[in-house]
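Presented below is the structure to which this report refers.
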Amino acid sequence: MYHQLNRVTGRLVAATHLQSPLFPVAPIALQRVEPPTIQYNTAQLSSVAEACPAPGKRNLMPGTNTPYPPVPEKIRQRQQQFQTEDDVPVFLKGGPFDGILYRFTMALCIIGIIGVGETIYSHAVPKK
(Lines give C-alpha, C1' and ligand atoms only; values in the text may rest on other atoms or scores of the structure.)
Protein backbone atom coordinates (compact mmCIF):
# COMPACT_ATOMS: atom_id res chain seq x y z
CA MET A 1 0.00 0.00 0.00
CA TYR A 2 1.27 3.45 -0.88
CA HIS A 3 0.84 6.65 1.07
CA GLN A 4 0.61 10.28 0.13
CA LEU A 5 0.51 13.59 2.01
CA ASN A 6 -2.96 15.03 2.55
CA ARG A 7 -2.82 18.72 1.64
CA VAL A 8 -5.63 19.69 4.03
CA THR A 9 -4.51 17.95 7.22
CA GLY A 10 -0.79 17.65 6.47
CA ARG A 11 -0.78 13.94 7.43
CA LEU A 12 0.04 10.76 5.57
CA VAL A 13 -3.03 8.94 4.27
CA ALA A 14 -3.47 5.79 2.23
CA ALA A 15 -3.31 6.49 -1.47
CA THR A 16 -6.18 4.83 -3.30
CA HIS A 17 -5.49 5.99 -6.84
CA LEU A 18 -1.71 5.44 -6.93
CA GLN A 19 -0.52 2.35 -8.75
CA SER A 20 3.23 3.11 -8.38
CA PRO A 21 5.25 4.60 -5.57
CA LEU A 22 6.02 8.29 -5.54
CA PHE A 23 9.76 7.65 -5.29
CA PRO A 24 11.91 5.15 -7.22
CA VAL A 25 12.42 1.81 -5.54
CA ALA A 26 16.16 1.73 -6.23
CA PRO A 27 17.81 4.99 -5.16
CA ILE A 28 20.44 6.46 -7.45
CA ALA A 29 23.93 6.43 -5.97
CA LEU A 30 25.41 9.84 -5.20
CA GLN A 31 28.42 10.95 -7.18
CA ARG A 32 31.65 11.26 -5.26
CA VAL A 33 32.94 14.81 -5.14
CA GLU A 34 36.33 15.73 -3.72
CA PRO A 35 36.18 18.30 -0.92
CA PRO A 36 37.53 21.72 -1.84
CA THR A 37 41.01 22.58 -0.69
CA ILE A 38 41.35 25.21 2.00
CA GLN A 39 43.07 28.35 0.80
CA TYR A 40 44.33 30.71 3.44
CA ASN A 41 44.41 34.41 2.67
CA THR A 42 47.97 35.19 3.69
CA ALA A 43 47.67 38.79 2.50
CA GLN A 44 45.64 39.69 5.59
CA LEU A 45 47.92 37.87 8.05
CA SER A 46 50.63 40.13 9.39
CA SER A 47 53.63 39.90 11.65
CA VAL A 48 54.62 42.24 14.44
CA ALA A 49 56.85 44.22 12.09
CA GLU A 50 53.94 44.91 9.73
CA ALA A 51 51.43 45.64 12.49
CA CYS A 52 53.87 48.00 14.23
CA PRO A 53 55.65 49.90 11.48
CA ALA A 54 58.99 51.59 11.98
CA PRO A 55 58.90 55.02 13.67
CA GLY A 56 59.34 56.88 10.37
CA LYS A 57 56.72 54.89 8.45
CA ARG A 58 53.08 55.36 9.48
CA ASN A 59 50.04 53.54 8.11
CA LEU A 60 46.69 55.27 7.75
CA MET A 61 43.52 54.03 9.46
CA PRO A 62 41.14 52.42 6.97
CA GLY A 63 38.67 54.91 5.50
CA THR A 64 40.42 57.95 6.98
CA ASN A 65 43.48 60.07 6.37
CA THR A 66 44.59 59.93 10.01
CA PRO A 67 47.58 57.75 10.88
CA TYR A 68 47.54 55.10 13.57
CA PRO A 69 48.93 56.30 16.89
CA PRO A 70 52.48 55.08 17.58
CA VAL A 71 52.84 51.79 19.46
CA PRO A 72 54.76 52.19 22.73
CA GLU A 73 58.12 50.48 22.84
CA LYS A 74 57.16 48.42 25.91
CA ILE A 75 54.21 46.86 24.05
CA ARG A 76 56.40 46.18 21.02
CA GLN A 77 58.94 44.36 23.23
CA ARG A 78 56.18 42.26 24.87
CA GLN A 79 54.83 41.30 21.43
CA GLN A 80 58.30 40.26 20.34
CA GLN A 81 58.76 38.25 23.57
CA PHE A 82 55.52 36.29 23.11
CA GLN A 83 56.09 35.61 19.38
CA THR A 84 59.57 34.10 19.64
CA GLU A 85 59.88 30.37 18.94
CA ASP A 86 61.64 29.01 22.03
CA ASP A 87 59.55 25.89 22.87
CA VAL A 88 58.05 27.59 25.95
CA PRO A 89 54.25 27.51 26.23
CA VAL A 90 52.63 30.91 25.82
CA PHE A 91 51.17 30.75 29.34
CA LEU A 92 54.70 30.58 30.77
CA LYS A 93 56.40 33.19 28.57
CA GLY A 94 55.58 36.03 30.98
CA GLY A 95 58.36 35.04 33.37
CA PRO A 96 58.51 33.48 36.83
CA PHE A 97 55.23 35.02 37.99
CA ASP A 98 53.42 33.13 35.22
CA GLY A 99 54.99 29.90 36.51
CA ILE A 100 53.73 30.65 40.02
CA LEU A 101 50.22 31.38 38.75
CA TYR A 102 50.24 28.20 36.65
CA ARG A 103 51.28 26.00 39.57
CA PHE A 104 48.75 27.69 41.88
CA THR A 105 45.98 27.08 39.34
CA MET A 106 46.98 23.42 38.94
CA ALA A 107 46.99 22.98 42.75
CA LEU A 108 43.50 24.48 42.98
CA CYS A 109 42.27 22.14 40.22
CA ILE A 110 43.68 19.09 42.02
CA ILE A 111 42.14 20.21 45.33
CA GLY A 112 38.80 20.69 43.55
CA ILE A 113 38.93 17.22 41.99
CA ILE A 114 39.74 15.70 45.39
CA GLY A 115 36.80 17.61 46.89
CA VAL A 116 34.44 16.32 44.19
CA GLY A 117 35.66 12.76 44.78
CA GLU A 118 35.18 13.13 48.53
CA THR A 119 31.63 14.46 48.03
CA ILE A 120 30.71 11.60 45.70
CA TYR A 121 32.18 9.07 48.13
CA SER A 122 30.33 10.55 51.11
CA HIS A 123 27.02 10.43 49.24
CA ALA A 124 27.60 6.94 47.86
CA VAL A 125 28.72 5.20 51.06
CA PRO A 126 26.22 5.30 53.95
CA LYS A 127 27.49 6.29 57.38
CA LYS A 128 27.47 3.54 60.00
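The values are calculated or read from the model by the stated rules, or taken from the named source; none is laboratory data. It should be emphasised that the depicted structure is a prediction, and the values quoted were computed from it without experimental measurement. All Cβ positions, glycine included, derive from the backbone under ideal geometry; neighbour counts span all protein chains shown.
Which one of these does ALA43 not meet: (1) loosely packed, with under 10 Cβ neighbours inside 10 Å; (2) modelled with pLDDT of 75 or more?
(2)
Just give me the residues in region 67-98 being touching a Phe, Trp or Tyr at 6+ places or on another chain (Cβ under 8 Å) and part of a helix (DSSP H, G or I), in sequence order.
Passing the criteria: VAL90, PHE91, LEU92, ASP98.
Only residues that are under 25 Å from the mean Cα position of the chain (by Cα) and among the hydroxyl-bearing types (Ser, Thr, Tyr): list them for region 75-128, please.
Listed by number, the residues that qualify are THR84, TYR102, THR105.
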